[in-house]
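Okay, structure first, notes after.
The values are calculated or read from the model by the stated rules, or taken from the named source; none is laboratory data. Please read these numbers as outputs of a predicted model, since none were measured by experiment. Because the Cβ atoms are built from the backbone with ideal geometry, glycine has one as well, and the counts that use them run over all protein chains shown.
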Amino acid sequence: MRLLKQLLPVVVVAAVGGQLVTAVQGNALLSLVLGVATAALSVFVYARVVRWSERRAPVEVAIKGAAARIGLGALIGVGWFAAVIVNLVFLGDYRVDGYGSTAGAVGLFGFMAAAAATEELMFRGVLFRIVEERVGTWMALALTSVLFGLSHLTNPDATLWGAIAIAIEAGGTLAAAYAATRNLWVPIGLHFGWNFAEAGIFGTEVSGNGKTEGLLHGVTSGPALVTGGKFGPEASPYTVVFGVLLTIVFMWLAHRRGNLVPRRRGARAAATATLAQ
């Protein structure tokens, strides 16, 4: 029941905010304002719901230090995607054909801010955190990663491999980032940095949602097995490899900091019951 109490309000904010941002997609300034407002409102709603349902301060979204943590996460996300692009450039599978659109990048900034905040609050803030209490860190990471991958199957150019890749790379990395830091700002920043670099800077497809218009007019060619094809670089083996490496680093940090929650007896049944609530 607690899972539903916390999940539903964030889902509503994400759905309404997403519709509004999509409706004004042609207006860069409105997209930016509505996207950032959706992100801020979703964090506010999450914090209030946690305070009400758990009778505690929502320290995972504490304002103090938020900017620095978001910045750190964003740098990791941009660096991660840049590493993938460098490898694609080396193979001749990505090139830049001039400048793209500043207005497009501004609008994407808002859209990606909303997407990063709402998805992290839902998947890591609610699902991962509550499931982890029942079944431990490792099983919670596996279960929520699968759900995160499956959630991308409804995208226009979705593929089964793309969903599997996202489950492994993003689901694992983002959950591990939360486990290592025990705050949601780093995974939110990481999620935003990756998505904005992908769409707003390098102008590639994002999770099978079609071509984007960012600061650069990027052209991806070559075999889909390497580039990710219409799904975008998230389905590239390079992304998966780098994501696995980041997951290992974050989980090592979580272990070193004593942040790993052990698996309890009857964990499998508890996980099924929790997700069914």
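Residue pairs whose Cβ atoms lie under 6 Å apart, separated by 6 or more positions or on different chains, with the first residue in region 192-205 and under 17 Å from residue 93 (Cα atoms) and the second hydroxyl-bearing (Ser, Thr, Tyr) and part of a helix (DSSP H, G or I), do not occur. Residues in region 15-44 that are at pLDDT 95 or above, touching a Leu at 6+ places or on another chain (Cβ under 6 Å) and farther than 14 Å from residue 113 by Cα: none.
Across region 82-120, the number of residues qualifying as within 27 Å of residue 174 (Cα to Cα), touching a Leu at 6+ places or on another chain (Cβ under 8 Å) and among the β-branched types (Val, Ile, Thr) comes to 1. Evaluating residue 197 against the criteria (1) more than 30 Å from residue 103 (Cα to Cα); (2) assigned to a helix (DSSP H, G or I) leaves one unmet condition, (1). One residue stands out among those in region 22-70 that are among the hydroxyl-bearing types (Ser, Thr, Tyr) and surrounded by fewer than 19 Cβ atoms within 10 Å (Cβ to Cβ): the one that is farthest from the chain's Cα centre (by Cα), which is 53.
Pick from 107, 100, 125, 77: which is in contact (Cβ under 8 Å) with a residue 60 or more places away in the chain, buried (at least 23 other Cβ atoms within 10 Å of the Cβ) and in contact with an Asp or Glu (Cβ under 7 Å, 6 or more places away or on another chain)? When all the criteria are applied, what remains is 125.
The criterion of being not hydroxyl-bearing (Ser, Thr, Tyr) and not in a helix (DSSP H, G or I) does not hold for residue 35.
A quick yes/no check of all residues on (1) within 20 Å of residue 255 (Cα to Cα); (2) out of contact with any Cys (no Cβ under 9 Å at 6 or more places or on another chain); (3) in contact (Cβ under 8 Å) with a residue 40 or more places away in the chain; (4) not in a loop (DSSP other than H, G, I, E, B):
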{"site": "157", "(1), (2), (3), (4)": "no, yes, yes, no"}
{"site": "169", "(1), (2), (3), (4)": "yes, yes, yes, yes"}
{"site": "176", "(1), (2), (3), (4)": "yes, yes, yes, yes"}
{"site": "208", "(1), (2), (3), (4)": "no, yes, yes, no"}
{"site": "211", "(1), (2), (3), (4)": "no, yes, no, no"}
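May I ask you to list the residues in region 214-256 that are modelled with pLDDT of 95 or more and more than 23 Å from the chain's Cα centre (by Cα)? Correct list: 256 only. Annotation: residue 142 fulfils all but one of (1) of a type in the set (Gly, Ala, Ser); (2) farther than 17 Å from residue 7 by Cα; (3) surrounded by 24 or more Cβ atoms within 10 Å (Cβ to Cβ); the unmet one is (3).
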